[in-house]
Amino acid sequence: MKRRLVLLGPPGSGKGTQGELLAARLGIPTISTGALFRDQMARGTALGVEAQTYIAQGHLVPDRVTNAMVANRLTQADAARGFILDGYPRNVPQVAVLDGILDQAGTPIEAALEMRLDEDLIVSRLLKRAEIEGRADDTEPVIRARLEVYHSQTEPIIDVYRSRGLLVSVDSLGTIEEVSEAVMRALGLEQLDNQ
Ligand code: AMP
């Protein structure tokens with residue numbers, strides 16, 4: 001069974017939600033760089049303060065900061081049995097850094113799950129999420145900036161994983177349960193039994 005995965009897809013494509021469901025199913029943690037940054041910001045750490053200005057504008061936090069945070073997180077005990085990376089890698093240089101970390105340990109990425117969703121739906125979903133979760137970066141101009149960053153910097157890594165034969169793509173249309181079923185099917189896992 002695949003236990004080291006990366007989640008790809010634009011903001012609002014359901015990566016976070018599906019990542020959590022999948023993690024519960026596999027008994028492994030999700031490692032969300034966005035969530036790690038938000039935690040650091042809430043605690044007012046130096047890392048959080050540095051990340052804040054970038055996040056508020058929808059830009060990527062510098063690789064130096066992000067890569068170190070992820071490398072550190074991957075050494076924690078709960079990641080030894082596997083993990084689902086949500087929001088990392090987010091540009092081609094981050095892929096190389098992740099490869100370096102994992103190759104050293106002999107534990108390469110086993111699958112890249114791409115969540116696909118139409119751009120109009122993304123914006124409306126994110127605006128709705130802003131009402132529910134109150135995320136400061138879910139305003140329309142920042143959403144547009146994040147989508148632009150996604151297209152220019154993150155989308156190219158889909159081809160990297162495709163060329164390695166690791167890419168699995170799923171349409172993120174439908175209810176959470178429907179998409180979850182599609183994800184499980186795509187990864188060759190059975191759907192959760194009565195949960
Ligand atoms: P997310 O919750 O994944 O949408 O991430 C929220 C914000 O955190 C992004 O818009 C970026 O500013 C920052 N961020 C998250 N992951 C990364 C990453 N891998 N590299 C750089 N910045 C990131």
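Quick notes on this structure:
- The stretch 85-130, subset among the β-branched types (Val, Ile, Thr) and within 11 Å of the ligand (Cβ to nearest atom), residue nearest to Pro156 (Cα to Cα): Val95
- Scanning the stretch 48-58 for residues being surrounded by fewer than 19 Cβ atoms within 10 Å (Cβ to Cβ), within 13 Å of the ligand (Cβ to nearest atom) and of a type outside the set (Ser, Thr, Tyr) gives a total of 5.
- Taken residue by residue, the stretch 5-18 has at least one member that is more than 27 Å from Asp120 (Cβ to Cβ) and either within 15 Å of the ligand (Cβ to nearest atom) or in contact (Cβ under 8 Å) with a residue 12 or more places away in the chain (or both).
- Here the condition is being of a type outside the set (Phe, Trp, Tyr), under 19 Å from Lys2 (Cβ atoms) and crowded, with 20+ Cβ neighbours inside 10 Å; of Leu74, Leu85, Leu26, it holds for Leu85 alone.
- Within the stretch 23-34, the set of residues being more than 14 Å from Pro89 (Cα to Cα), within 16 Å of the ligand (Cβ to nearest atom) and aliphatic (A, V, I, L, M) comprises Ala23 only.
- Selection from the stretch 59-84 of residues that are within 12 Å of the ligand (Cβ to nearest atom) and within 15 Å of the chain's Cα centre (by Cα): Leu60, Val61, Thr66, Asn67, Met69, Val70, Arg73
- Among the residues of the stretch 94-103, some residue qualifies, meaning at least one is surrounded by 18 or more Cβ atoms within 10 Å (Cβ to Cβ) and among the polar types (S, T, N, Q).
- Matching entry among Val142, Val170 (being farther than 16 Å from Leu7 by Cβ, surrounded by 12 or more Cβ atoms within 10 Å (Cβ to Cβ) and not aromatic (Phe, Trp, Tyr)): Val142
Each value in this text was obtained by applying a stated rule to the coordinates, not by laboratory testing. Everything numeric in this text was worked out from a predicted model, so none of it was measured. All Cβ positions, glycine included, derive from the backbone under ideal geometry; neighbour counts span all protein chains shown.
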